[in-house]
Amino acid sequence: MRLILTAIAALSTIAAASSGTVFASEKIDAKAGKALHDKQCLACHVQRWGGDGSAVYTRADRKIKDATALRQRVAACSAQTGSKFFPEDEANVAAYLAQQYYKFK
């Protein structure tokens with residue numbers, strides 16, 4: 001059941017991200033994204049990657065190549081961990097990560 005819910009959440013995020021639209025009411029807030037990241041994501045990343053957890057973002061073989069992939073990854077992590085992020089939370093976390101680590105062109 002958990003796998004099905006994870007797949008549904010990931011697919012709905014992929015559909016929204018691939019449409020290229022952002023919800024009209026959605027205001028991206030990287031500062032709020034950092035707070036969510038630090039509260040919901042950091043402990044797992046530190047456990048899996050060591051140090052301050054940022055190695056997942058700074059490793060040489062980065063898996064995330066663009067903003068759409070980043071937003072999809074944040075949504076998938078949220079679904080897998082049960083963080084229960086709303087779409088705007090996912091957008092905020094992705095905005096923080098893009099600003100802090102990815103700096104997409």
### Task
Answer yes or no as to whether residue 78 is of a type outside the set (Lys, Arg), in contact (Cβ under 8 Å) with a residue 60 or more places away in the chain and out of contact with any strand residue (DSSP E or B) (no Cβ under 9 Å at 6 or more places or on another chain).
yes
#### Entry: Exclusive hit being among the basic types (Lys, Arg), without any contact (Cβ under 8 Å) to a residue 40 or more places away in the chain and under 18 Å from residue 31 (Cα atoms), set 103, 84
103
### Query
What helices (runs of 4 or more DSSP H), lying completely within the stretch 21-105, carry at least 3 residues that are surrounded by 13 or more Cβ atoms within 10 Å (Cβ to Cβ) and in contact with a Gly (Cβ under 7 Å, 6 or more places away or on another chain)?
42-49, 87-97
### Task
Output yes when any residue across the stretch 86-96 is at pLDDT 95 or above, small (Gly, Ala, Ser) and more than 11 Å from residue 37 (Cβ to Cβ), and no when none is.
yes
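The values are calculated or read from the model by the stated rules, or taken from the named source; none is laboratory data. Small disclaimer: the values here were computed from a predicted structure and weren't measured. Don't worry about glycine lacking a Cβ; one is built from the backbone with ideal geometry, like all the others, and counts go over all protein chains shown.
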